[in-house]
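Novice: There's a structure below that I have some questions on.
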Amino acid sequence: MSVPGAWYLGLAAMLFTIGGVGLLIRRNVLIMFMCVELMLNAVNLTFVTYARMMNDIGGQVVVFFVLVVAAAEVVVGLAIIVSIFRRRADATADDISLLRG
Amino acid sequence: MDWVVFVVAAAACLAGALGVVLASHPVHSALMLVMTLFGVAVLFVAQEAHFLAAVQVIVYAGAIVVLFLFVIMLLGVDRTENVRAERLPGQRPIAYLAGAGVIAGIFLLARTAWVSGAESVAGVADGPGSNVEKVARSLFTRYLLAFEMTSVLLVIAVVGAVVLARHSPSGGVHGSEES
């Protein structure tokens, strides 16, 4: 354990912030989705770092579950994007403002 | 040596993350995302999470990014976008302020302590045995119910994706406005 865990946690915080800011400033829904993946990865890194710092395998198991949920989320999200694209050929989040079915 | 690995992987992570946000082309963003995911996988290996590093590369870089690229190519949105354009007034400065606030808050709160609480509640992470064995032992004993429920979640996700992306030509709920 030569690199202290705090460095990993700081890196994870920066990754999370970059993902969050990207989610706010980009309007292409696919790239917004990638930013969500970035944030999930930052949290995964935090979990693994705490698993090492606390000497607890539970953190790594939680990361496994996060991976499964992320996979499910991507599948459903991309299906929604495909279904939006089928109506209107546009990938801009600002234009998808109608709630009419 | 550990520091070298950490610095290189962290630089790759941060560069990839910035690339995802700043690239104007969706395909470039997806490739930058792969770089970040590989960097995180290296950091997993550096922290003895070997199983998760393998899963990270296979599931994220192998499956999820390929899915992203597949959708980008399928929908034909592989054209550049003007990143600088701003439609909602004040959206970008507020986003930067929020990001700065988040990171400043995290680092200010972290000045006291990064870690506290009981250790090794769900099982030790080091000691004899491989990492895969320890993850599996915890997953199939203590977290067995949650593990079984993830299979239900995956089935629901697959069914939901099929229903959402289904092409219903007879004017069903989905795709009724397209013609």
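The values are calculated or read from the model by the stated rules, or taken from the named source; none is laboratory data. Being a predicted model, the structure only gives us computed values, none of them experimental. Note that each Cβ is placed from the backbone with ideal geometry, even for glycine, and that neighbours are counted across all protein chains shown.
Novice: Taking the stated definitions as given, is A:Leu38 under 14 Å from B:Val20 (Cβ atoms), at pLDDT below 90 and part of a helix (DSSP H, G or I)?
Specialist: no
Novice: Ok, one more. Taking the range A:11-43, which residues are of a type outside the set (A, V, I, L, M) and either at the interface with another protein chain (Cβ under 7 Å from one of its Cβ atoms) or under 17 Å from B:Pro26 (Cβ atoms) (or both)?
Specialist: Once the filter is applied, which keeps residues that are of a type outside the set (A, V, I, L, M) and either at the interface with another protein chain (Cβ under 7 Å from one of its Cβ atoms) or under 17 Å from B:Pro26 (Cβ atoms) (or both), the range A:11-43 yields A:Thr17, A:Gly19, A:Gly20, A:Gly22, A:Arg26, A:Arg27, A:Asn28, A:Phe33, A:Cys35, A:Glu37, A:Asn41.
Novice: I'd like to check something: does the range B:15-24 contain any residue that is at pLDDT below 90, over 16 Å from A:Gly19 (Cβ atoms) and out of contact with any strand residue (DSSP E or B) (no Cβ under 8 Å at 6 or more places or on another chain)?
Specialist: The answer is yes; a qualifying residue exists.
Novice: Under 13 Å from the mean Cα position of the chain (by Cα), among the polar types (S, T, N, Q) and at pLDDT 90 or above, is that true of A:Thr17?
Specialist: Yes, satisfied.
Novice: Among (1) assigned to a helix (DSSP H, G or I); (2) over 30 Å from A:Gly19 (Cα atoms); (3) facing chain A (nearest Cβ under 8 Å), where does B:Gly123 come up short?
Specialist: Of the numbered conditions (1) assigned to a helix (DSSP H, G or I); (2) over 30 Å from A:Gly19 (Cα atoms); (3) facing chain A (nearest Cβ under 8 Å), the odd one out for B:Gly123 is (1).
Novice: Return only the number of the condition from (1) at pLDDT 90 or above; (2) at the interface with chain B (Cβ under 7 Å from one of its Cβ atoms) that A:Met53 does not satisfy.
Specialist: Evaluating A:Met53 over (1) at pLDDT 90 or above; (2) at the interface with chain B (Cβ under 7 Å from one of its Cβ atoms) leaves (1) as the failure.
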